[in-house]
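For reference, the structure discussed in these notes is given below.
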Amino acid sequence: FAATYNTLSGQAPLVIAHRGASGYLPEHTLGAYELAIRMGADVVEPDLQTTRDGVLVAMHDSTLTRTTNVEDLFAPRNGGYRVSDFTLAEIKTLTVEPTRTASTSYPGYTPSMSDPFTVPTFAEVMEFVNAHNTTSGAKIGIYPEAKTPNSFAMNAQILEEMQSHGFTDRSDNSFIQTFSHEGARQLSLMQDILGMDNAIAALGYAQLTPEGYALYDSTTRTSNLLSDLALFVDGLGVSLGGALSAEFIAEAHALGLQVHGWTFRPTTAEAAEEQFLPWLEAGMDGFFTDYSLLAVEFLEAH
Ligand code: G3P
Ligand code: CA
C-alpha cells in the first residue's frame, strides 16, 4: 500500500462490498458476504427491508421478484410480492438467484454455511461478520442502508440491532446510510431519544445523494446545503454518475465529511485502474463495489 492517501483519515480507502460480492455471487446472501470478506473487503453492505412480521432482512428491492424464486412458490398478495406482505418463515423458503453478472459459484470458493443463497436477516449478517472477526481478529464493518419506507421505527430497529451486535463505532468501519434527509436527521438524534449516547456516539451516518444532485457543484448548490448536512451526518455516499469532482471531495473533507462513492463495477483489472485511480487520487474515502477483489487488488498495486 502507498505510504499516504488523500483520504480524510490518511488511510487507504475502504473497500465496501456492495450487496456483498454481488458481481460474483447472488447479492445480499451470506455466500456473497463471505466471499467479499475472503476477497479482502473492509465493509459489507446490506440494504434492508422489513418482513410482514417485523424482521429486518438483507434485500435491496421492496419486492421479492427480481432476486428470488418467490413466483414459483407463492401466489401474489395484495397484487404483488412485497417483502412486507411475507413472513420471515415464508421468505426463508426462497432461493436467491443470480442477478446482473453473478453466478451461483465462484472458482475456489466453498461456502462455510449450508444455505449460502437464502435471504439472511440483518441479525444473521451481523452474526456472520462477528463470528469472522472473532475468529480472525479482523474488524470487518457493517454498512446497512435503510430502504423505504424509511420510518422512525425502522431506523430505531436498525440502531438497536447494531448496538446489540456490537457495531457501535465508526472506527470499526460501521456506518448507516439512507437516501432520506429526514431519516438521516432521525438517526443522528435517535441516540439521545433511545438513551444510547455512549454506545453509538462515534457511529457514522452517511447521507446518500441522488445522482445529478446539485450538491456536487458549489456554483449551483442552493444555500449552504453541504455545511448543513455536515451538522448531522459524518459522511456522504455519492453517486459517481453526477458531476462529482475532486474539488467536491476536498470541500467535504474540509467539513469533516468522508466521501464514499457508488457504485464501482469494473470487470477487469484494466477497467479497475481506469475507474478507481482518479478517485483514489482525489481522496475518496470508500469505494462501494460489486467487485471486491478487483478493488483490493487495485489498492494493493497503489
Ligand atoms: O448504498 C449505495 C448504493 O448502494 C445506493 O444504491 O440502489 O444499490 O442501494 P443502491
Ligand atoms: Ca445500497
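All of the numbers you see were taken from the coordinates with simple rules; none came from a lab. Note that the structure is a prediction, hence the values are computed from the model and not measured. Glycine also receives a Cβ, built like all others from the backbone with ideal geometry; neighbour counts cover every protein chain displayed.
What's the extension gain from E270 to S62 if we count 0.36 nm per residue and subtract their Cα-Cα distance? Walk me through the intermediate numbers first.
On the way: separation 208, 0.36 × 208 = 74.88 nm, distance 3.48 nm.
Stretched fully, the E270-S62 segment lengthens by 71.4 nm.
Counting each DSSP H run of 4 or more residues in the chain as -39500 (n - 2.57), what helix-only mean residue ellipticity at 222 nm follows after dividing by all residues, to the nearest 500 deg cm²/dmol?
So the helix-based figure for the chain works out to -9500 deg cm²/dmol.
Is the C-alpha gyration tensor of region 87-135 telling us rounded, prolate or oblate? Criteria: a/c under 1.5 is rounded; beyond that, a/b larger than b/c is prolate, otherwise oblate.
Details: a/c = 2.12, a/b = 1.04, b/c = 2.04.
Since a/c reaches 1.5 but b/c is at least a/b, the shape of region 87-135 is classed as oblate.
How would region 69-164 be classified by its alpha-carbon gyration tensor: rounded, prolate or oblate, with rounded meaning a/c under 1.5 and the a/b versus b/c comparison settling the rest?
On the way: a/c = 2.22, a/b = 1.16, b/c = 1.92.
Taking the square roots of the gyration eigenvalues as a ≥ b ≥ c, region 69-164 is oblate.
How would you rank 105-113, 248-256, 287-295, 68-76, highest first, on the average number of other Cβ atoms within 10 Å across their residues?
Taking the mean over residues of other Cβ atoms within 10 Å, the ranking is 287-295, 248-256, 68-76, 105-113.
Which residue fluctuates most in the GNM of the chain (Cα springs below 10 Å): V43, V125, V55?
V55
Set the Förster radius R0 to 35 Å, insert the Cβ-Cβ distance between A138 and T93 as r into 1/(1 + (r/R0)^6), and round the FRET efficiency to 0.05.
In this case the efficiency is close to 0.60.
Among bridges DSSP assigns within the chain, what percent are antiparallel (round to 5)? Before the final figure, lay out the partial values.
Details: 7 of 36 bridges.
The antiparallel proportion sits near 20 percent.
Two-decimal Rg/Rh of the chain from alpha-carbon positions, Kirkwood Rh?
0.95
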